[in-house]
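Novice: Take a look at this one; I'll ask things after.
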Amino acid sequence: MRNKWYIAGLHFECSGCGRCCMGPGEGYVWITKPEIEMMAKHLSMDADQFRGKYCRRIGNRTSLIEQPKTLDCIFLQNRACPVYPVRPNQCRTWPFWNSNLEHPDYWNMAGQTCPGINRGRLYTFEEIEMLRTQKKWWSDDDLE
Ligand code: SF4
Ligand code: SF4
């Protein structure tokens, strides 16, 4: 059974520093077909153009590419994200990822790079579990 060490909830409030979207290490922002379609639409592009310009295939999955020198996410500009309203599920669910929630040490380690961790608003256990297990943030109506 999963360790429920965060049963009393966890504090998190994004300061907008942009560090989770930055290098210097290589990272992956995994995206699904509906997310590609929504981001493409948001940028007034078609999905194939979006794939060609912003995506790479890794195995059988697709990730956003990175800016070549900094390894920041290709979309990060002046700490802002131009696809923010339709940003991928992976971006929406940070920092409530399985990898950070396995153990309090991992959570606190993530807090060393993300200044929003352990600060601000209290997320309840139920809210955390909803975000941890979320695979899809959109409704099918958003794709019409
Ligand atoms: S690193 Fe944390 S505080 Fe900074 S933008 Fe990302 S989520 Fe927000
Ligand atoms: S898509 Fe936007 S929120 Fe997600 S990593 Fe890239 S810049 Fe950050």
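The values are calculated or read from the model by the stated rules, or taken from the named source; none is laboratory data. No experiment lies behind these values; they were computed from the predicted model shown. No Cβ is skipped: glycine too gets one built from the backbone with ideal geometry, and neighbour counts run over all protein chains shown.
Novice: Taking the stated definitions as given, is Met38 among the hydrophobic types (A, V, I, L, M, F, W, C) and either exposed (fewer than 15 other Cβ atoms within 10 Å of the Cβ) or modelled with pLDDT of 95 or more (or both)? Don't jump to the end; show me each part of the working.
Specialist: Working: among the hydrophobic types (A, V, I, L, M, F, W, C): yes; either exposed (fewer than 15 other Cβ atoms within 10 Å of the Cβ) or modelled with pLDDT of 95 or more (or both): yes.
Taking the combined requirement at face value, the residue satisfies it.
Novice: Additional query: Pairs, please: C-beta under 6 Å, at least 6 apart or cross-chain, first residue of a type in the set (Ser, Thr, Tyr) and in the stretch 94-108, second at pLDDT 95 or above?
Specialist: Here the result reads Tyr106/Asn100, each pair linking the stretch 94-108 to a residue that is at pLDDT 95 or above.
Novice: Test Arg51 against the criterion of being surrounded by 15 or more Cβ atoms within 10 Å (Cβ to Cβ) and either near ligand 2 (Cβ under 10 Å from one of its atoms) or not hydroxyl-bearing (Ser, Thr, Tyr) (or both), and give yes or no. Break it down into steps so the answer makes sense when it comes.
Specialist: Numbers: surrounded by 15 or more Cβ atoms within 10 Å (Cβ to Cβ): yes; either near ligand 2 (Cβ under 10 Å from one of its atoms) or not hydroxyl-bearing (Ser, Thr, Tyr) (or both): yes.
The answer is yes for Arg51.
Novice: Taking into account only those residues within the stretch 78-87 that are of a type outside the set (A, V, I, L, M) and under 22 Å from Ala47 (Cβ atoms), which is farthest from ligand 2 (Cβ to nearest atom)? So that I can check it myself, show each step before the final result.
Specialist: Of all residues in the stretch 78-87, those of a type outside the set (A, V, I, L, M) come to 78-79, 81-82, 84-85, 87.
In the following step, the residues that additionally are under 22 Å from Ala47 (Cβ atoms) were identified as 81-82, 84-85, 87.
Numbers: Cys81: 3, Pro82: 8, Tyr84: 6, Pro85: 10, Arg87: 4 Å.
The selected residue is Pro85.
Novice: Does the stretch 75-83 contain at least one residue that is more than 15 Å from ligand 1 (Cβ to nearest atom) and in contact with a Pro (Cβ under 8 Å, 6 or more places away or on another chain)?
Specialist: No, the stretch 75-83 contains no residue that is more than 15 Å from ligand 1 (Cβ to nearest atom) and in contact with a Pro (Cβ under 8 Å, 6 or more places away or on another chain).
Novice: Now a separate question. Which of the residues spanning the stretch 109-126 are more than 20 Å from Arg19 (Cα to Cα) and without any contact (Cβ under 8 Å) to a residue 12 or more places away in the chain? Lay out the reasoning, then the answer.
Specialist: Just the residues of the stretch 109-126 that are more than 20 Å from Arg19 (Cα to Cα), to begin with: 122-126.
Across the stretch 109-126, the qualifying residue is only Glu126.
Novice: Would you check which residues across the stretch 94-106 are of a type outside the set (Phe, Trp, Tyr) and surrounded by fewer than 18 Cβ atoms within 10 Å (Cβ to Cβ) and list them?
Specialist: First, the residues of the stretch 94-106 that are of a type outside the set (Phe, Trp, Tyr): 95, 98-105.
Once the filter is applied, which keeps residues that are of a type outside the set (Phe, Trp, Tyr) and surrounded by fewer than 18 Cβ atoms within 10 Å (Cβ to Cβ), the stretch 94-106 yields Asn98, Ser99, Glu102, His103, Pro104, Asp105.
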